[in-house]
């Protein structure tokens, strides 16, 4: 009889441990999803600023059509819904490069560099880039915590039983676009 109680106690303890581990996975998965949504909000803000920036520069540099088209195409690709974090990072890298070329064009136009509209858009874009970087760090930290739990024993057993998988990091592969474009208008 005592052996039966011991077996029942062990089963109850294991069931509680599985439930606690499962709930922790759910919390971590939701935290990863929430932090990705915050990154997505900032990326959307960036995508909304780009057309205004292009139009402002267009007013001063009408013959730079190729640059405008590349920025517009890169923005459209980056703003397309449904991309995974890895795909989004690649598209954001292309957009960052295109914005760098746009700012290089802007350097050749002193009137544009003095435009309050252009300066305000540039300031907003810089702030948005900073928020994207902070959001990316927060997201990647949450991904790291979830991935560690998915890979570590004994939580990997629970992850396998309930279908929890590793999440993708949001990282830019190209070193030249790992930071916000730097532009000196002095």
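Scan segment 67-75 and give yes if some residue there is under 17 Å from the mean Cα position of the chain (by Cα), more than 21 Å from residue 140 (Cα to Cα) and modelled with pLDDT of 90 or more, otherwise no.
The answer is yes, given that some residue of segment 67-75 is under 17 Å from the mean Cα position of the chain (by Cα), more than 21 Å from residue 140 (Cα to Cα) and modelled with pLDDT of 90 or more.
Among the listed residues 39, 57, 50, identify the single one that is surrounded by 14 or more Cβ atoms within 10 Å (Cβ to Cβ), at pLDDT below 95 and farther than 14 Å from residue 121 by Cα.
Numbers: 57 fails: farther than 14 Å from residue 121 by Cα; 50 fails: farther than 14 Å from residue 121 by Cα.
Checking each option against the conditions leaves just 39.
Given the structure, is residue 89 free of Cβ contacts under 8 Å to residues at least 60 places away in the same chain, touching a helix residue (DSSP H, G or I) at 6+ places or on another chain (Cβ under 9 Å) and crowded, with 17+ Cβ neighbours inside 10 Å? Write out each step before concluding.
Working: free of Cβ contacts under 8 Å to residues at least 60 places away in the same chain: no; touching a helix residue (DSSP H, G or I) at 6+ places or on another chain (Cβ under 9 Å): yes; crowded, with 17+ Cβ neighbours inside 10 Å: yes.
It is false that residue 89 is free of Cβ contacts under 8 Å to residues at least 60 places away in the same chain, touching a helix residue (DSSP H, G or I) at 6+ places or on another chain (Cβ under 9 Å) and crowded, with 17+ Cβ neighbours inside 10 Å.
Return yes when residue 86 is at pLDDT below 90 and within 13 Å of the chain's Cα centre (by Cα) and no when it is not. Steps first, please.
Working: at pLDDT below 90: yes; within 13 Å of the chain's Cα centre (by Cα): yes.
So residue 86 fits the description; yes.
Scan segment 102-140 for residues that are free of Cβ contacts under 8 Å to residues at least 40 places away in the same chain and closer than 20 Å to residue 35 by Cα and jot them down.
Listed by number, the residues that qualify are 127, 134, 137, 140.
Right, residue 31: under 19 Å from residue 166 (Cβ atoms) and either part of a helix (DSSP H, G or I) or at pLDDT below 90 (or both) or not? I'd like the intermediate steps shown before the answer.
Numbers: under 19 Å from residue 166 (Cβ atoms): yes; either part of a helix (DSSP H, G or I) or at pLDDT below 90 (or both): yes.
Answer is yes for this residue.
Regarding segment 13-33, can at least one residue be identified that is free of Cβ contacts under 8 Å to residues at least 24 places away in the same chain and under 13 Å from the mean Cα position of the chain (by Cα)?
Among the residues of segment 13-33, at least one is free of Cβ contacts under 8 Å to residues at least 24 places away in the same chain and under 13 Å from the mean Cα position of the chain (by Cα), which makes the answer yes.
The values are calculated or read from the model by the stated rules, or taken from the named source; none is laboratory data. Just so it is clear, the model here is predicted, and its values are computed rather than measured. Because the Cβ atoms are built from the backbone with ideal geometry, glycine has one as well, and the counts that use them run over all protein chains shown.
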